[in-house]
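The values are calculated or read from the model by the stated rules, or taken from the named source; none is laboratory data. These numbers come from a predicted model, not from an experiment. Don't worry about glycine lacking a Cβ; one is built from the backbone with ideal geometry, like all the others, and counts go over all protein chains shown. What goes into the accessible areas is simple: the full protein's heavy atoms, side chains included, and nothing from ligands, DNA or RNA. Shrake-Rupley method; radii C 1.70, N 1.55, O 1.52, S 1.80 Å.
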Amino acid sequence: VRRGLVTKVTNELRLGQALRQSSSSRRNNRESSRAARAALPSATQMRKSSSSQGNGNGRGGTALNTSSSKSAKRIYILGVGNVGKLFAQSLADIPDRPLITLLFHRPELASIWKEKGETIELVTNGISKKQGGYEIEVLKTQPDGSHQGIKDMIDCLITTTKAIHVVSALSAIKARLSRDSAILFTQNGMGIVEKVNEELFPNAEDRPNYMLGIVSHGVYSQHLFSSVHAGRGTISLGPVPRNPGPTGGAEDMPPPSRYILQAVLRSPALAAAEVSPTEIVLLQLEKLVANAVINPLTAIFDCKNGQLLGNPHIADLMRLLLSEISLVIRSLPEMRGIPGTEARFSRERLEEVVVGVADKTAENISSMLQDVRARRETEVGYINGYIVKRGEEVGVDCAVNRKVLLMVKERTQISDAQISDIFWVSVWPPAGMVFPPADLVGPPVAHERA
(Lines give C-alpha, C1' and ligand atoms only; values in the text may rest on other atoms or scores of the structure.)
Protein backbone atom coordinates (compact mmCIF):
# COMPACT_ATOMS: atom_id res chain seq x y z
CA VAL A 1 0.00 0.00 0.00
CA ARG A 2 2.80 2.37 0.97
CA ARG A 3 4.60 1.62 -2.32
CA GLY A 4 1.34 2.31 -4.20
CA LEU A 5 0.88 5.65 -2.46
CA VAL A 6 4.50 6.68 -3.16
CA THR A 7 4.13 5.79 -6.83
CA LYS A 8 0.86 7.73 -7.11
CA VAL A 9 2.34 10.84 -5.49
CA THR A 10 5.44 10.63 -7.72
CA ASN A 11 3.33 10.37 -10.86
CA GLU A 12 1.18 13.33 -9.81
CA LEU A 13 4.30 15.43 -9.22
CA ARG A 14 5.67 14.55 -12.66
CA LEU A 15 2.33 15.34 -14.30
CA GLY A 16 2.20 18.75 -12.60
CA GLN A 17 5.73 19.56 -13.73
CA ALA A 18 4.92 18.59 -17.32
CA LEU A 19 1.77 20.74 -17.30
CA ARG A 20 3.70 23.74 -15.98
CA GLN A 21 6.40 23.30 -18.72
CA SER A 22 3.71 23.01 -21.39
CA SER A 23 2.01 26.18 -20.18
CA SER A 24 5.32 28.05 -20.14
CA SER A 25 6.13 26.84 -23.67
CA ARG A 26 2.73 28.04 -24.97
CA ARG A 27 3.31 31.47 -23.43
CA ASN A 28 6.75 31.69 -25.07
CA ASN A 29 5.34 30.64 -28.42
CA ARG A 30 2.59 33.26 -28.21
CA GLU A 31 5.15 35.96 -27.35
CA SER A 32 7.44 34.86 -30.23
CA SER A 33 4.52 34.92 -32.66
CA ARG A 34 3.52 38.42 -31.56
CA ALA A 35 7.15 39.61 -31.99
CA ALA A 36 7.43 38.01 -35.43
CA ARG A 37 4.16 39.60 -36.58
CA ALA A 38 5.35 42.98 -35.33
CA ALA A 39 8.61 42.61 -37.29
CA LEU A 40 6.91 41.70 -40.56
CA PRO A 41 5.58 44.48 -42.82
CA SER A 42 1.85 44.59 -43.24
CA ALA A 43 0.23 43.66 -46.52
CA THR A 44 -0.38 47.36 -47.16
CA GLN A 45 3.28 48.15 -46.59
CA MET A 46 4.34 45.35 -48.95
CA ARG A 47 2.02 46.59 -51.68
CA LYS A 48 3.36 50.11 -51.28
CA SER A 49 6.93 48.84 -51.47
CA SER A 50 6.20 46.78 -54.59
CA SER A 51 4.42 49.71 -56.22
CA SER A 52 7.30 52.03 -55.41
CA GLN A 53 9.84 49.70 -57.03
CA GLY A 54 7.73 49.22 -60.12
CA ASN A 55 7.25 52.93 -60.68
CA GLY A 56 10.91 53.72 -60.30
CA ASN A 57 12.57 51.44 -62.80
CA GLY A 58 11.21 52.75 -66.07
CA ARG A 59 9.80 49.35 -67.06
CA GLY A 60 6.04 49.93 -66.94
CA GLY A 61 5.75 48.77 -63.33
CA THR A 62 7.77 45.51 -63.56
CA ALA A 63 9.52 45.49 -60.18
CA LEU A 64 13.22 44.73 -59.95
CA ASN A 65 14.28 42.75 -56.91
CA THR A 66 16.67 45.17 -55.23
CA SER A 67 17.27 42.99 -52.18
CA SER A 68 20.95 42.15 -51.77
CA SER A 69 20.06 38.97 -49.88
CA LYS A 70 19.29 37.13 -53.12
CA SER A 71 22.32 38.26 -55.12
CA ALA A 72 25.02 39.20 -52.61
CA LYS A 73 26.78 35.85 -53.12
CA ARG A 74 26.07 35.51 -56.82
CA ILE A 75 28.65 36.51 -59.42
CA TYR A 76 27.49 37.18 -62.97
CA ILE A 77 29.97 36.61 -65.80
CA LEU A 78 29.38 38.60 -68.98
CA GLY A 79 31.23 36.94 -71.85
CA VAL A 80 32.03 33.25 -72.30
CA GLY A 81 35.26 33.65 -74.26
CA ASN A 82 38.60 32.27 -73.10
CA VAL A 83 39.01 34.57 -70.09
CA GLY A 84 35.35 34.14 -69.17
CA LYS A 85 35.70 30.35 -69.13
CA LEU A 86 38.88 30.64 -67.04
CA PHE A 87 37.10 32.77 -64.42
CA ALA A 88 33.95 30.63 -64.45
CA GLN A 89 35.71 27.33 -63.87
CA SER A 90 38.28 28.69 -61.41
CA LEU A 91 35.65 30.38 -59.22
CA ALA A 92 33.42 27.29 -59.31
CA ASP A 93 36.33 25.23 -57.98
CA ILE A 94 36.96 27.14 -54.75
CA PRO A 95 35.58 26.09 -51.33
CA ASP A 96 32.30 27.77 -50.43
CA ARG A 97 31.97 28.71 -54.09
CA PRO A 98 29.78 31.61 -55.15
CA LEU A 99 26.65 31.12 -57.18
CA ILE A 100 27.65 31.80 -60.80
CA THR A 101 25.35 32.94 -63.60
CA LEU A 102 26.61 33.05 -67.19
CA LEU A 103 24.96 35.79 -69.23
CA PHE A 104 24.28 34.89 -72.88
CA HIS A 105 23.47 37.53 -75.47
CA ARG A 106 22.37 35.13 -78.19
CA PRO A 107 19.53 32.62 -77.72
CA GLU A 108 21.39 29.95 -79.72
CA LEU A 109 24.09 29.85 -77.02
CA ALA A 110 21.58 28.24 -74.66
CA SER A 111 21.03 25.38 -77.12
CA ILE A 112 24.76 24.86 -77.61
CA TRP A 113 25.25 24.97 -73.84
CA LYS A 114 22.75 22.15 -73.44
CA GLU A 115 24.36 20.12 -76.25
CA LYS A 116 27.77 20.43 -74.56
CA GLY A 117 26.43 18.98 -71.32
CA GLU A 118 26.01 22.31 -69.50
CA THR A 119 29.66 22.29 -68.47
CA ILE A 120 32.79 24.36 -69.06
CA GLU A 121 35.91 22.45 -70.03
CA LEU A 122 39.43 23.67 -69.31
CA VAL A 123 42.43 21.67 -70.49
CA THR A 124 45.62 22.21 -68.48
CA ASN A 125 48.84 20.31 -69.24
CA GLY A 126 46.84 17.91 -71.39
CA ILE A 127 44.39 17.10 -68.59
CA SER A 128 40.74 17.93 -69.21
CA LYS A 129 38.50 19.11 -66.42
CA LYS A 130 34.79 19.76 -66.88
CA GLN A 131 32.88 21.86 -64.37
CA GLY A 132 29.13 22.24 -64.03
CA GLY A 133 26.69 23.75 -61.59
CA TYR A 134 26.22 27.07 -63.38
CA GLU A 135 23.03 28.97 -64.03
CA ILE A 136 22.53 30.70 -67.36
CA GLU A 137 20.46 33.65 -68.42
CA VAL A 138 19.67 34.67 -71.99
CA LEU A 139 19.31 38.42 -72.41
CA LYS A 140 16.46 38.96 -74.85
CA THR A 141 16.30 42.45 -76.28
CA GLN A 142 12.83 43.77 -77.06
CA PRO A 143 11.98 46.23 -79.88
CA ASP A 144 11.72 49.07 -77.37
CA GLY A 145 15.21 48.35 -76.04
CA SER A 146 14.03 46.73 -72.78
CA HIS A 147 15.07 43.23 -71.79
CA GLN A 148 12.71 40.38 -71.12
CA GLY A 149 12.95 38.14 -68.07
CA ILE A 150 14.86 40.57 -65.87
CA LYS A 151 14.16 40.14 -62.16
CA ASP A 152 17.23 40.64 -59.98
CA MET A 153 19.60 43.52 -59.65
CA ILE A 154 23.22 42.60 -60.32
CA ASP A 155 25.57 43.24 -57.42
CA CYS A 156 28.72 41.45 -58.63
CA LEU A 157 29.68 41.39 -62.32
CA ILE A 158 32.84 40.23 -64.11
CA THR A 159 32.93 41.37 -67.72
CA THR A 160 35.27 39.39 -69.98
CA THR A 161 33.97 40.39 -73.41
CA LYS A 162 36.36 41.94 -75.91
CA ALA A 163 36.94 45.67 -75.50
CA ILE A 164 34.97 46.46 -78.65
CA HIS A 165 31.84 44.77 -77.23
CA VAL A 166 31.87 46.05 -73.64
CA VAL A 167 29.54 49.02 -74.14
CA SER A 168 26.91 47.10 -76.11
CA ALA A 169 27.08 44.14 -73.70
CA LEU A 170 26.66 46.31 -70.62
CA SER A 171 23.84 48.29 -72.20
CA ALA A 172 21.73 45.09 -72.13
CA ILE A 173 21.91 45.00 -68.32
CA LYS A 174 22.31 48.67 -67.52
CA ALA A 175 18.94 48.81 -65.73
CA ARG A 176 20.11 46.08 -63.36
CA LEU A 177 23.27 47.93 -62.31
CA SER A 178 23.22 50.55 -59.59
CA ARG A 179 25.57 52.70 -57.58
CA ASP A 180 25.99 49.74 -55.22
CA SER A 181 26.98 47.29 -57.98
CA ALA A 182 30.59 46.29 -58.72
CA ILE A 183 32.05 45.60 -62.18
CA LEU A 184 35.42 43.94 -62.76
CA PHE A 185 36.86 44.81 -66.22
CA THR A 186 39.41 42.33 -67.63
CA GLN A 187 39.87 43.57 -71.22
CA ASN A 188 43.02 44.24 -73.23
CA GLY A 189 43.66 47.86 -74.12
CA MET A 190 42.73 51.10 -72.39
CA GLY A 191 39.99 53.69 -72.61
CA ILE A 192 37.21 51.15 -72.02
CA VAL A 193 36.06 52.52 -68.65
CA GLU A 194 36.02 56.04 -70.07
CA LYS A 195 33.84 54.85 -72.97
CA VAL A 196 31.44 53.08 -70.59
CA ASN A 197 31.09 56.24 -68.51
CA GLU A 198 30.57 58.40 -71.57
CA GLU A 199 27.88 56.23 -73.15
CA LEU A 200 26.18 54.45 -70.24
CA PHE A 201 26.90 56.17 -66.93
CA PRO A 202 27.57 59.87 -67.56
CA ASN A 203 26.44 60.79 -64.03
CA ALA A 204 29.29 59.97 -61.65
CA GLU A 205 26.90 59.71 -58.70
CA ASP A 206 24.88 56.91 -60.29
CA ARG A 207 27.59 54.77 -61.86
CA PRO A 208 28.68 51.40 -60.41
CA ASN A 209 31.96 50.73 -58.63
CA TYR A 210 34.76 49.66 -60.96
CA MET A 211 37.73 47.33 -60.62
CA LEU A 212 40.45 46.47 -63.13
CA GLY A 213 41.92 43.02 -63.67
CA ILE A 214 45.21 42.64 -65.54
CA VAL A 215 45.29 39.04 -66.83
CA SER A 216 48.52 37.42 -68.02
CA HIS A 217 47.22 33.83 -68.36
CA GLY A 218 47.48 32.28 -71.81
CA VAL A 219 44.18 30.69 -72.87
CA TYR A 220 42.96 29.68 -76.31
CA SER A 221 39.66 28.20 -77.47
CA GLN A 222 38.85 24.67 -78.63
CA HIS A 223 35.13 25.31 -79.03
CA LEU A 224 32.52 27.58 -77.49
CA PHE A 225 32.60 26.08 -74.00
CA SER A 226 36.08 24.51 -74.04
CA SER A 227 39.47 26.24 -73.75
CA VAL A 228 43.11 25.27 -73.25
CA HIS A 229 44.94 26.93 -70.37
CA ALA A 230 48.24 27.04 -72.27
CA GLY A 231 50.23 29.37 -70.07
CA ARG A 232 49.83 29.90 -66.34
CA GLY A 233 50.03 33.56 -65.45
CA THR A 234 48.72 35.94 -62.82
CA ILE A 235 45.90 38.43 -62.31
CA SER A 236 46.45 41.82 -60.69
CA LEU A 237 43.33 43.39 -59.19
CA GLY A 238 42.81 47.00 -58.18
CA PRO A 239 39.93 49.43 -57.68
CA VAL A 240 39.19 52.44 -59.85
CA PRO A 241 38.62 55.32 -57.40
CA ARG A 242 35.30 57.15 -57.69
CA ASN A 243 37.01 60.40 -56.81
CA PRO A 244 40.62 61.57 -57.14
CA GLY A 245 42.77 61.27 -54.06
CA PRO A 246 44.18 58.57 -51.78
CA THR A 247 42.15 55.41 -51.36
CA GLY A 248 42.43 52.45 -49.08
CA GLY A 249 42.50 48.71 -49.60
CA ALA A 250 39.83 46.02 -49.61
CA GLU A 251 38.41 47.13 -46.26
CA ASP A 252 37.35 50.44 -47.85
CA MET A 253 35.62 48.82 -50.84
CA PRO A 254 31.83 48.46 -50.98
CA PRO A 255 30.70 44.89 -50.13
CA PRO A 256 30.12 43.69 -53.76
CA SER A 257 33.63 44.83 -54.81
CA ARG A 258 35.13 43.19 -51.76
CA TYR A 259 33.22 39.96 -52.46
CA ILE A 260 34.54 39.75 -56.03
CA LEU A 261 38.07 40.52 -54.83
CA GLN A 262 38.01 37.89 -52.09
CA ALA A 263 36.51 35.23 -54.37
CA VAL A 264 39.15 35.76 -57.06
CA LEU A 265 41.97 35.86 -54.50
CA ARG A 266 40.85 32.48 -53.11
CA SER A 267 41.33 30.71 -56.45
CA PRO A 268 44.75 29.04 -56.78
CA ALA A 269 44.27 28.66 -60.54
CA LEU A 270 43.82 32.41 -61.07
CA ALA A 271 46.92 33.32 -58.99
CA ALA A 272 45.56 36.78 -58.23
CA ALA A 273 46.99 39.58 -56.11
CA GLU A 274 45.54 42.89 -54.95
CA VAL A 275 47.40 46.10 -55.83
CA SER A 276 46.80 49.80 -55.22
CA PRO A 277 44.79 52.03 -57.58
CA THR A 278 48.01 53.69 -58.79
CA GLU A 279 49.82 50.41 -59.37
CA ILE A 280 46.92 48.87 -61.29
CA VAL A 281 47.09 51.74 -63.80
CA LEU A 282 50.86 51.34 -64.20
CA LEU A 283 50.45 47.59 -64.74
CA GLN A 284 47.68 48.29 -67.24
CA LEU A 285 50.02 50.60 -69.16
CA GLU A 286 52.77 47.96 -69.18
CA LYS A 287 50.37 45.38 -70.59
CA LEU A 288 49.18 47.95 -73.13
CA VAL A 289 52.79 48.34 -74.32
CA ALA A 290 53.23 44.59 -74.84
CA ASN A 291 49.88 44.36 -76.63
CA ALA A 292 50.66 47.41 -78.81
CA VAL A 293 53.81 45.74 -80.14
CA ILE A 294 53.23 41.98 -80.15
CA ASN A 295 49.57 41.86 -81.19
CA PRO A 296 49.63 44.12 -84.27
CA LEU A 297 53.02 42.91 -85.51
CA THR A 298 52.01 39.24 -85.32
CA ALA A 299 48.83 40.19 -87.21
CA ILE A 300 50.81 42.10 -89.88
CA PHE A 301 53.51 39.45 -90.32
CA ASP A 302 51.09 36.51 -89.79
CA CYS A 303 53.36 34.77 -87.29
CA LYS A 304 53.51 33.38 -83.76
CA ASN A 305 54.73 35.63 -80.96
CA GLY A 306 58.19 34.13 -80.80
CA GLN A 307 58.80 34.64 -84.51
CA LEU A 308 59.04 38.39 -83.93
CA LEU A 309 62.33 37.79 -82.09
CA GLY A 310 65.68 37.33 -83.77
CA ASN A 311 64.73 39.26 -86.91
CA PRO A 312 66.74 42.52 -87.14
CA HIS A 313 64.23 44.16 -89.51
CA ILE A 314 61.31 43.53 -87.15
CA ALA A 315 63.49 44.48 -84.15
CA ASP A 316 64.03 47.96 -85.59
CA LEU A 317 60.31 48.37 -86.21
CA MET A 318 59.57 47.28 -82.63
CA ARG A 319 62.00 49.91 -81.32
CA LEU A 320 60.34 52.65 -83.35
CA LEU A 321 56.94 51.69 -81.97
CA LEU A 322 58.37 51.66 -78.45
CA SER A 323 60.04 55.06 -78.91
CA GLU A 324 56.66 56.63 -79.63
CA ILE A 325 54.84 54.71 -76.89
CA SER A 326 57.46 55.53 -74.27
CA LEU A 327 57.32 59.25 -75.05
CA VAL A 328 53.51 59.31 -74.92
CA ILE A 329 53.28 57.51 -71.57
CA ARG A 330 55.99 59.64 -69.95
CA SER A 331 54.17 62.77 -71.16
CA LEU A 332 50.73 61.86 -69.74
CA PRO A 333 49.50 64.32 -67.11
CA GLU A 334 48.36 61.49 -64.82
CA MET A 335 51.95 60.24 -64.62
CA ARG A 336 53.19 63.44 -63.01
CA GLY A 337 54.23 63.02 -59.42
CA ILE A 338 54.44 59.22 -59.60
CA PRO A 339 58.01 58.25 -58.67
CA GLY A 340 60.01 56.02 -61.01
CA THR A 341 57.87 56.43 -64.12
CA GLU A 342 60.72 57.83 -66.27
CA ALA A 343 62.83 54.71 -65.71
CA ARG A 344 59.89 52.27 -65.67
CA PHE A 345 58.60 53.48 -69.05
CA SER A 346 61.90 54.20 -70.78
CA ARG A 347 62.21 52.67 -74.24
CA GLU A 348 65.01 50.37 -73.10
CA ARG A 349 63.01 48.90 -70.22
CA LEU A 350 59.86 48.58 -72.31
CA GLU A 351 61.87 46.65 -74.89
CA GLU A 352 62.90 44.22 -72.14
CA VAL A 353 59.26 43.82 -71.13
CA VAL A 354 58.08 43.16 -74.70
CA VAL A 355 60.89 40.74 -75.53
CA GLY A 356 60.25 38.89 -72.25
CA VAL A 357 56.54 38.48 -72.99
CA ALA A 358 57.17 37.41 -76.60
CA ASP A 359 59.74 34.86 -75.46
CA LYS A 360 57.51 33.46 -72.70
CA THR A 361 54.57 33.13 -75.12
CA ALA A 362 56.68 32.17 -78.14
CA GLU A 363 54.33 29.43 -79.37
CA ASN A 364 51.15 31.45 -78.84
CA ILE A 365 49.05 32.93 -81.63
CA SER A 366 47.99 36.38 -80.46
CA SER A 367 44.29 37.14 -80.10
CA MET A 368 44.63 39.88 -82.71
CA LEU A 369 46.06 37.49 -85.29
CA GLN A 370 43.27 35.01 -84.49
CA ASP A 371 40.72 37.78 -85.11
CA VAL A 372 42.38 38.81 -88.38
CA ARG A 373 42.44 35.23 -89.64
CA ALA A 374 38.77 34.81 -88.70
CA ARG A 375 37.94 38.19 -90.26
CA ARG A 376 36.59 39.48 -86.97
CA GLU A 377 36.89 43.04 -85.73
CA THR A 378 40.04 43.48 -83.61
CA GLU A 379 40.77 45.45 -80.45
CA VAL A 380 43.51 47.51 -82.12
CA GLY A 381 41.48 50.70 -81.64
CA TYR A 382 41.76 50.31 -77.85
CA ILE A 383 45.46 49.44 -78.08
CA ASN A 384 47.45 51.32 -80.74
CA GLY A 385 44.44 53.58 -81.29
CA TYR A 386 44.63 54.58 -77.62
CA ILE A 387 48.35 55.40 -78.00
CA VAL A 388 47.66 57.57 -81.05
CA LYS A 389 44.77 59.36 -79.30
CA ARG A 390 46.75 60.11 -76.14
CA GLY A 391 49.71 61.16 -78.29
CA GLU A 392 47.56 63.76 -79.96
CA GLU A 393 46.49 65.05 -76.54
CA VAL A 394 50.10 65.54 -75.36
CA GLY A 395 51.55 66.70 -78.69
CA VAL A 396 53.41 63.53 -79.73
CA ASP A 397 53.05 62.43 -83.37
CA CYS A 398 52.75 58.62 -83.36
CA ALA A 399 53.31 58.02 -87.09
CA VAL A 400 54.42 54.39 -86.77
CA ASN A 401 51.58 53.45 -84.40
CA ARG A 402 49.12 55.18 -86.72
CA LYS A 403 50.41 53.18 -89.70
CA VAL A 404 50.23 49.92 -87.75
CA LEU A 405 46.68 50.78 -86.63
CA LEU A 406 45.62 51.34 -90.25
CA MET A 407 47.29 48.15 -91.50
CA VAL A 408 45.55 45.96 -88.92
CA LYS A 409 42.18 47.56 -89.62
CA GLU A 410 42.68 46.92 -93.33
CA ARG A 411 44.05 43.41 -92.64
CA THR A 412 47.25 44.21 -94.52
CA GLN A 413 49.90 41.51 -94.17
CA ILE A 414 53.51 41.90 -95.32
CA SER A 415 56.90 40.17 -95.13
CA ASP A 416 59.90 41.56 -93.27
CA ALA A 417 61.48 42.44 -96.66
CA GLN A 418 58.74 45.05 -97.19
CA ILE A 419 59.35 46.92 -93.93
CA SER A 420 61.81 49.38 -95.47
CA ASP A 421 59.47 50.50 -98.25
CA ILE A 422 56.39 50.78 -96.04
CA PHE A 423 57.84 52.34 -92.89
CA TRP A 424 61.20 53.99 -93.51
CA VAL A 425 60.18 55.70 -96.75
CA SER A 426 56.49 56.55 -96.23
CA VAL A 427 56.24 56.95 -92.45
CA TRP A 428 59.57 57.49 -90.73
CA PRO A 429 60.99 59.95 -89.79
CA PRO A 430 58.25 62.46 -89.02
CA ALA A 431 58.97 66.06 -89.97
CA GLY A 432 61.54 67.71 -87.70
CA MET A 433 62.85 64.45 -86.20
CA VAL A 434 66.46 63.37 -86.60
CA PHE A 435 66.90 60.13 -88.51
CA PRO A 436 67.63 57.57 -87.20
CA PRO A 437 66.18 58.28 -83.73
CA ALA A 438 68.84 58.86 -81.10
CA ASP A 439 67.58 56.11 -78.80
CA LEU A 440 67.52 53.42 -81.51
CA VAL A 441 70.00 50.79 -80.36
CA GLY A 442 72.53 49.82 -83.03
CA PRO A 443 72.66 50.83 -86.69
CA PRO A 444 69.37 50.36 -88.56
CA VAL A 445 69.66 47.28 -90.70
CA ALA A 446 66.86 47.80 -93.17
CA HIS A 447 67.05 51.55 -93.60
CA GLU A 448 68.80 51.69 -96.98
CA ARG A 449 67.09 53.91 -99.48
CA ALA A 450 67.31 53.70 -103.22
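Structure notes:
- Volume of the convex hull of the stretch 301-353 (Cα atoms only), normalised per residue: 86 Å³.
- Using the Cβ-Cβ distance between ASP397 and ALA343 with R0 set to 35 Å, the FRET efficiency works out to roughly 0.90.
- Nearest-0.05 FRET efficiency for ALA417 and LYS174, computed from C-beta distance (R0 56 Å): 0.65
- Less than 5 angstrom separates the built amide H of VAL240 from those of TYR210, MET211, LEU212, all sequence-distant by 5 or more or on a different chain.
- Percent accessible area from carbon and sulfur atoms, the stretch 81-146, protein chains only, probe 1.4 Å: 49
- Distant-in-sequence amide contacts of ILE136, defined by a placed amide H-H separation under 5 Å and a gap of 5 or more residues or a different chain, comprise LEU102.
- Surface per residue (accessible, 1.4 Å probe) for the stretch 271-370, Å²: 38
- Spin-label pair ASP252/ALA230, simplified geometry with 7 Å Cα→Cβ offset, distance in nm: 4.0
- For the stretch 275-387, a crude dipole built from +1 on the beta carbon of Lys and Arg and -1 on the beta carbon of Asp and Glu, taken about the Cα centre, is about 80 debye to the nearest 20.
- For the stretch 95-219, diffusion coefficient by Stokes-Einstein and Kirkwood Rh (Cα), 10 °C, 1.306 mPa s, µm²/s: 97
- Of LYS85/LYS174; LYS287/LYS360; LYS162/LYS409; LYS195/LYS389; LYS73/LYS129; LYS129/LYS360, pairs whose Cα-Cα distance is over 19 Å: LYS85/LYS174; LYS73/LYS129; LYS129/LYS360
- Extension gain for LYS389 to LEU283 (0.36 nm times residue separation, less C-alpha to C-alpha distance): 36.2 nm.
- Accessible surface of the stretch 171-263, 1.4 Å probe, proportion on carbon and sulfur as whole %: 50
- Applying 0.36 nm per residue to the separation of ALA271 and ARG106 and subtracting their alpha-carbon distance, the gain on full extension is 56.3 nm.
- Computed from the alpha carbon atoms alone, the convex hull of the stretch 278-401 holds 100 Å³ per residue.
- Globularity ratio of the stretch 171-264, using Cα Rg and 2.2 N^0.38 Å: 1.22
- The packing ranking, built from the mean of other Cβ atoms within 10 Å per residue, places the peptides 335-347, 408-420 in the order 408-420, 335-347, highest first.
- Farthest positive-ward along the stretch 114-227 dipole, Cα basis, beta-carbon charges - from THR186, ALA163, GLY126: GLY126
- Solvent-accessible area assigned to carbon and sulfur over the stretch 271-356 amounts to 54 percent, based on a 1.4 Å probe.
- Karplus-based coupling profile of the stretch 412-417, in residue order and whole Hz: 7, 10, 9, 9, 5, 5, with θ = phi - 60° in 6.51 cos²θ - 1.76 cosθ + 1.60 and x standing for Gly or Pro.
- The three principal axes of the Cα atoms in the stretch 263-342 give end-to-end lengths of 42, 36, 17 Å, sorted in falling order.
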